[in-house]
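For reference, the structure discussed in these notes is given below.
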Amino acid sequence: MRVTFTPIHRRDKGISGAIAVLQDVTEQERLEQSRREFVANVSHELRTPLTTIKSYTEALDDGAMEERELAQRFVGVIRNETERMIRLVTDLLHLSRLDSNQAPLRRQPTNVPDMLEEVADRFSFQLRKKSIRAEVKVENGIVNVLLDRDQIDQVLDNLVSNAIKYTLDGGRIEIAARMAEQSSIAISVKDTGIGISRKDLNRIFDRFYRVDKARSRNMGGTGLGLSIAREIVKAHGGSIALDSEPNVGTTVTVTLPALHEGGAAS
Ligand code: ADP
């Protein structure tokens with residue numbers, strides 16, 4: 001709580017009173033603190049790949065360039081780190097557009113069964129590589145829903161890519177849609193992966209929060225996928241929830257208002 005006093009001056013009488021303003025600064029401080037943390041995180045996340053790129057470039061300069069195999073490996077590392085930095089900056093720009101409402105929704109009638117089949121197809125190579133079986137299940141009656149297809153595709157891509165990243169070879173993934181309460185549809189991505197412990201669950205949507213930083217980095221993660229998903233779902237007037245049990249699996253459920261053409265929910 002911040003208190004500021006402003007004296008009231010009366011002609012000839014000097015100070016005759018004061019106005020006290022009580023201001024609740026806890027929310028302001030909390031926002032300021034999270035802004036500081038965000039800037040520190042961004043700097044750190046960019047500094048790590050830059051340091052790697054610098055040291056590998058120096059090693060090439062110091063002679064590694066002469067050994068063809070070594071040089072190829074080092075160039076590969078530099079390329080990977082650069083690509084990760086590009087992904088990070090792209091994610092940050094996307095978040096910033098979502099934060100400032102500069103990513104207006106372009107809702108269009110979207111065939112939900114096709115949308116879910118297509119996300120599974122996009123990942124067929126990665127799924128096959130890890131021998132993960134993916135199944136798409138859509139409740140009867142769910143067809144066209146008004147949503148921003150590009151943005152919801154991004155949400156689904158983030159969720160399915162996480163499900164693959166954090167599921168061991170030979171696991172299973174289910175992508176499903178069903179009607180939910182209050183004329184909404186629930187789209188879920190369920191995996192049989194490593195899961196998330198209870199203590200990490202309530203921070204999992206925070207920007208840059210990762211259960212295992214090194215693991216996420218090795219897999220090319222930026223730590224922003226779930227935060228972006230949450231912002232997109234919020235912009236649609238929906239919600240996102242994550243349910244998980246270590247060594248059993250994780251289910252992420254996105255609930256969206258089932259708007260149909262004409263704007264009404266049915
Ligand atoms: P990342 O780029 O690290 O995957 P996300 O924001 O998408 O970032 O996810 C944040 C963290 O949540 C991940 O680093 C991981 O620890 C955890 N996580 C997300 N999805 C899953 C999942 N399906 N199974 C287990 N852990 C997950």
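The single residue among Ala176, Ala186, Ala180 that is under 23 Å from Thr255 (Cβ atoms), open to solvent by 20 Å² or more (accessible area, probe 1.4 Å), more than 13 Å from the ligand (Cβ to nearest atom) and of a type outside the set (Asp, Glu) turns out to be Ala180.
You will find that of Val138, Val143, the residue that is closer than 30 Å to Ser183 by Cα, loosely packed, with under 15 Cβ neighbours inside 10 Å and among the β-branched types (Val, Ile, Thr) is Val143 and no other.
Inspection of the range 171-180 identifies at least one residue that is at pLDDT 95 or above, touching a Leu at 6+ places or on another chain (Cβ under 8 Å), among the hydrophobic types (A, V, I, L, M, F, W, C) and within 20 Å of Met219 (Cα to Cα). Exposed (fewer than 10 other Cβ atoms within 10 Å of the Cβ) and farther than 20 Å from Asp206 by Cα: is that true of Ile15 in this structure? Yes. If you filter the range 208-230 down to residues that are at pLDDT 95 or above and more than 7 Å from the ligand (Cβ to nearest atom), you find that the one that is surrounded by the most Cβ atoms within 10 Å (Cβ to Cβ) is Ala229.
Matching residues to (1) of a type outside the set (Gly, Ala, Ser); (2) on the phi > 0 side of the Ramachandran plot; (3) open to solvent by less than 70 Å² (accessible area, probe 1.4 Å):
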position: Arg35; (1), (2), (3): yes, no, no
position: Pro49; (1), (2), (3): yes, no, yes
position: Arg73; (1), (2), (3): yes, no, no
position: Val77; (1), (2), (3): yes, no, yes
position: Arg84; (1), (2), (3): yes, no, yes
position: Asn101; (1), (2), (3): yes, yes, no
position: Leu105; (1), (2), (3): yes, no, yes
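A quick yes/no check of all residues on (1) out of contact with any His (no Cβ under 8 Å at 6 or more places or on another chain); (2) within 18 Å of Ser216 (Cβ to Cβ):
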| position | (1), (2) |
| --- | --- |
| Arg84 | yes, yes |
| Met115 | yes, no |
| Arg128 | yes, no |
| Lys137 | yes, no |
| Val145 | no, no |
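Looking only at the range 207-215, decide whether some residue is in contact (Cβ under 8 Å) with a residue 24 or more places away in the chain and among the hydroxyl-bearing types (Ser, Thr, Tyr). No: zero hits. Scanning the range 243-258 for residues that are in a strand (DSSP E or B) and either within 10 Å of the ligand (Cβ to nearest atom) or touching a Lys or Arg at 6+ places or on another chain (Cβ under 7 Å) (or both) yields Ser244, Gly249, Thr250, Thr251, Val252. Quick check: anything in the range 153-169 charged (D, E, K, R), over 19 Å from the mean Cα position of the chain (by Cα) and either assigned to a loop (DSSP other than H, G, I, E, B) or within 10 Å of the ligand (Cβ to nearest atom) (or both)? There is at least one residue in the range 153-169 that is charged (D, E, K, R), over 19 Å from the mean Cα position of the chain (by Cα) and either assigned to a loop (DSSP other than H, G, I, E, B) or within 10 Å of the ligand (Cβ to nearest atom) (or both).
What do you reckon, is Ile240 surrounded by 14 or more Cβ atoms within 10 Å (Cβ to Cβ), in a strand (DSSP E or B) and not charged (D, E, K, R)? Answer is yes for this residue.
Of all residues in the range 191-207, those satisfying the criterion of being outside any loop (DSSP other than H, G, I, E, B) and within 9 Å of the ligand (Cβ to nearest atom) are Asp191, Asp200.
Filter the range 130-150 for residues that are closer than 27 Å to Tyr209 by Cβ and more than 16 Å from the ligand (Cβ to nearest atom) and give the result. Within the range 130-150, Leu147, Asp148, Asp150 qualify. If you check Thr255, Thr250 for being over 15 Å from the mean Cα position of the chain (by Cα), under 26 Å from Leu93 (Cα atoms) and surrounded by 20 or more Cβ atoms within 10 Å (Cβ to Cβ), only one passes: Thr255.
The values are calculated or read from the model by the stated rules, or taken from the named source; none is laboratory data. Here the structure is a predicted model, which means the values were calculated and not measured. Counting neighbours? That spans all protein chains shown, and the Cβs are built from the backbone with ideal geometry, glycine included. With ligands, DNA and RNA removed, areas are computed over all heavy atoms of the protein, side chains included. Shrake-Rupley method; radii C 1.70, N 1.55, O 1.52, S 1.80 Å.
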